[in-house]
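S.K.: Below is a structure I'd like to ask you about.
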Amino acid sequence: MSVSSSPANSPAASLSQSSPAVAVALSRVSKIFGRFAALRDVSAEFSAGKLYAILGDNGAGKTTLLRAMVGLARPTRGTITVLGTDDLRAATAEIGYMAHPTLLYEEMSGMENLRYFAALYGIRDHRPCEHAIRAVGLDPALTRRVGQYSQGMRQRLSLARALVHDPKILFLDEPFSNVDVVSAREMVHVLAQIRDRGKTIFIVTHQAALLEAEADEFVCMAAGQIGARTRELPQSLERGGPPASATL
Amino acid sequence: MRRTFVILALLTLGLLSYALYEGLVAAPTEQTMGEVQRIFYYHVPSAVTAFTLFLINFAASIIYLARRSPRADALAVSTAEVGVVFCTVVLVTGPLWARPVWGIWWTWDARLTSTLLLWLIYISYLILRRYSTSGQTPVIAAVLAVFGFLDVPFVYMANRLFRTQHPQPVYFGGPGSGADPRMTFALLMNMAAFFAFAALVVWLRFRLERARQDFEETQALEALLQPDARSPR
Amino acid sequence: MSLGEITSVSLAKDLRLEWRAKDAINSMLFFALLVVVIFSFSFDPTAEESRHIAGGIVWVAFLFAAVVALNQTWARELRNQVLDAYRVSPAPANALFISKAVGNFIFVAVLEALMAPLFMVFYNLRSIGPAYELVVVAILATWALVANGTFFAAMSIRTRSREVMLPLILFPISIPALLAMVSATTAILTGEGAYRFWVVLLVVYDVVFTTVCLLLFETVLHAE
């Protein structure tokens, strides 16, 4: 094929190709708390532009994995590379994180919370905040304090906080817990759109079925290690059983 | 290692015994203070030893903050613990000496106040180490040690003025001025003996701490190799 | 955003939160009042004697009130683990330190402004030296307590018995500053004593320890 007509070289083609870039790479990562190893010698590569569902029983190490990738838990051993750098402090501007606790101030309204956190990322404008709040299905004009939100609303606002600075990678720890099914489906839809714009998303969840359609990969964890990585939802996990040994 | 330890221990024992003899028997009795003055041979070396140990702790803490070396941390905790013991000796022997000689238990002069402050700071350092729930206890402790040690010059400066506002007994009026050479000798012997003793104990504690660190390392490795049967926190 | 901008945003947020959680301020103010009353009962001297000891009593009372305030302001960052959101962001650690320290300074200054007149009343105090010097001492002294206090409160977050740990590690280190602030205040109230020396000592203390705090705060914030 001549160079000019090769589909691989045309701009449109390269956009539709899945990006070869690696978003997060772990190399022999272990995280040990005294006698308990939350992560045991984990090595993995996660490509950019995909939505990863991280599944596993309680205590499998899912939360620790997420915290290690955002830089909150320094690995006892091994290195983590995010967006090409192993200095996780440098990558913080491109990372969005949502955790079990809401990471919000109860005495402020949703918009006030978001404007503060946006400022930490250098965003002075109020429009990204409004946009993020609307994206999760809440009303930016709501002046009620977060302390008076329902649990589901808090969850959604926490997600908005993770989104406000349009990060390249999102790390979400159980974003759908305490959220009703309809809202959860909307959130999945929003997240899929974000993924379609080229962002990478990691979602730790116990509700794998919600992501059945949109997840690019299901990553199963058990006893501090990554087991199977599959494109399809592992049937055994729906019943809470052990991860299958199938490989990608 | 064992042989070195035995040799050092014997040397220390020898020094301490000889120094004890020198201090309590051989050195001449002080004219004005009498036998009580002999506490001096324990008080001063303890103070110098304590201060030296805290100085080493300061250095070790800085090295730890710069390099995160476990050996630096082991040295830091060892010198802190032994330093506190020697500092306690100073604070106890001081009043015991002062009371019969000058009629007062305590006074706020620069030296006493600095010693008390160092003692307080390092006790708080040890408590912080014990109560810390963080996996990074050595870092936090090292930070506190830096703050603590930097504080001492301020106490000294503050006391220089404070002191002139309160009448102070002369502390080393005795041996400093025209001292009997045997007294100086006794003092130096005790200084050497206390240093040797401190070095021995610090070394023991250091090795204990290193052993503990290694044990944690091993536990961690074991945890890596097999899934933990207990349910996690 | 620059360090200054993030600092002021954080400070504004803190002030807003303090204002909203009024029950915290109210209980703090009441606590401060109680401290003044209890001290006045315990130390009930004549007007002449009171001038000599008031400096000490006042600053010990302020110290206790400050410790309660310091614990309060960090407690808010631990609810819902909001501090993690800051740690995960690119915002510089020192911006958080400065904003918290300044916020605490304002908070404690408000408490002092309330407690001082009460002390003057209960002890029938009148200063012999110029009164503006009292303000200078108050500013320097409060910063000495608050700067180290904010830093140590952040350190004590990761300990058991957090509320006890803060005074435990803060008090020994604050002793020289306490000595200076008490002596300076007494010097002003009685008109005798080396006021200038103590003020210089406080200034040097403030400079040295604020620098150390700024150098080491990042380490402490990011320790797990």
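Any read-out appearing in this document is the output of simple, stated calculations on the displayed coordinates, not a laboratory observation. Since we're looking at a predicted model, the values are computed, not measured. Neighbour counts are summed over all protein chains in view; Cβ atoms, including those assigned to glycine, are modelled from backbone coordinates with ideal geometry.
S.K.: Under the Karplus relation 6.51 cos²θ - 1.76 cosθ + 1.60, θ = phi - 60°, what is the ordered set of whole-Hz ³J(HN,Hα) values for region C:150-159, x standing for Gly and Pro?
M.R.: Couplings: 4, 4, 5, 4, 5, 5, 6, 4, 9, 10 Hz.
S.K.: Report, in debye and to the nearest 20, how large the dipole of region C:55-139 comes out about its Cα centre when Lys and Arg carry +1 and Asp and Glu carry -1 on their Cβ.
M.R.: The calculated dipole for region C:55-139 is roughly 140 debye.
S.K.: Determine the shielding of peptide A:117-128 by partner chains: average, over its residues, the number of Cβ atoms on other chains within 10 angstrom of each Cβ.
M.R.: Per residue, the average neighbour count from other chains is 4.
S.K.: For region C:112-201, run through the GluC sites (Glu not before Pro) and keep only the ones in DSSP coil with at most 15 other Cβ atoms within 10 Å of their Cβ.
M.R.: Filter output for region C:112-201: C:192.
S.K.: Would you compute, from DSSP H runs of 4+ residues alone, the mean residue ellipticity of the protein assembly as shown at 222 nm, taking -39500 (n - 2.57) per run and dividing by the full residue count, rounded to the nearest 500?
M.R.: One gets -21500 deg cm²/dmol as the mean residue ellipticity at 222 nm.
S.K.: Residues of B:136-143, mean number of Cβ from any other protein chain within 10 Å of their own Cβ, rounded to a whole number?
M.R.: For this peptide, the per-residue mean of nearby foreign Cβ atoms is 5.
S.K.: Also, quick follow-up: What shape does region B:1-102 take by its C-alpha gyration tensor, where a ≥ b ≥ c are the square roots of the eigenvalues and a/c under 1.5 counts as rounded, a/b above b/c as prolate, and the rest as oblate?
M.R.: oblate
S.K.: Arrange A:154, B:205 by Cβ neighbour counts within 10 Å, fewest through most, would you?
M.R.: The most exposed by this proxy come first: B:205, A:154.
S.K.: ³J(HN,Hα) across region B:72-78 via Karplus (A = 6.51, B = -1.76, C = 1.60, θ = phi - 60°), whole Hz, x for Gly/Pro?
M.R.: With the stated coefficients, region B:72-78 comes to 4, 5, 4, 5, 4, 5, 5 Hz.
S.K.: To continue, here is another question. Does region A:114-207 classify as rounded, prolate or oblate by the C-alpha gyration tensor (a ≥ b ≥ c root eigenvalues; a/c under 1.5 gives rounded; else a/b over b/c gives prolate, otherwise oblate)?
M.R.: Verdict is oblate for region A:114-207.
S.K.: Treat the count of other C-beta atoms within 10 Å as a stand-in for reagent exposure and order C:146, B:25 from fewest to most.
M.R.: B:25, C:146
S.K.: Filter A:62/C:22; C:22/C:100; A:62/A:199; A:62/A:168 down to the pairs with a C-alpha to C-alpha distance above 28 Å, please.
M.R.: From A:62/C:22; C:22/C:100; A:62/A:199; A:62/A:168, over 28 Å: A:62/C:22.
S.K.: Let me ask something else. What spacing in nm lies between the two simple spin-label points modelled at residue A:182 and residue A:44, each 7 Å away from Cα in the Cβ direction?
M.R.: Inter-label distance under the simple model: 3.4 nm.
S.K.: By count of other Cβ within 10 Å, fewest leading, how are B:151, C:206 ordered?
M.R.: If I rank by nearby Cβ atoms, fewest first, I get C:206, B:151.
S.K.: If you restrict to DSSP beta bridges whose two residues both lie in the protein assembly as shown, what percentage is antiparallel, to the nearest 5?
M.R.: For the protein assembly as shown, the DSSP antiparallel bridge percentage is about 55.
S.K.: Here is a follow-up. If you average the C-alpha positions of region B:1-76 and of region A:18-82 separately, how far apart do those two centres end up, in angstrom?
M.R.: So the two Cα centres are separated by 49 Å.
S.K.: Below 12 Å, Cα to Cα, which aspartates and glutamates can residue A:50 reach? Residues fewer than 8 away in the same chain don't count.
M.R.: A:196, A:214, A:216, A:217
S.K.: Also, I was wondering about something else. State which stretch of chain A is the longest one without any exposed GluC sites (Glu not before Pro), exposure meaning a DSSP loop state and at most 15 other Cβ atoms within 10 Å.
M.R.: A:1-211
S.K.: Relative contact order, percent, of chain A when contacts are C-alpha pairs under 8 Å separated by at least 6 residues?
M.R.: 24
S.K.: Which whole number gives the average, over all residues in A:95-108, of C-beta atoms from other chains lying within 10 Å of the residue C-beta?
M.R.: The per-residue average across the peptide is 5.
S.K.: Let me ask another. Going by the alpha-carbon gyration tensor, a ≥ b ≥ c the square roots of its eigenvalues, is the protein assembly as shown rounded (a/c under 1.5) or, if a/c is not under 1.5, prolate (a/b greater than b/c) versus oblate?
M.R.: Cα axes put the protein assembly as shown in the oblate bin.
S.K.: Right, another one. Considering only C-alpha atoms, what is the centroid distance from region A:93-120 to region C:207-221, in Å?
M.R.: 26
S.K.: Nearest 5 is fine: what % of DSSP beta bridges in region A:32-181 come out antiparallel, could you say?
M.R.: Within region A:32-181, antiparallel bridges account for around 50 percent of the total.
S.K.: So how do C:29-35, A:138-144 stack up, highest first, on mean other-Cβ count within 10 Å?
M.R.: My ranking of the peptides, most packed first, is C:29-35, A:138-144.
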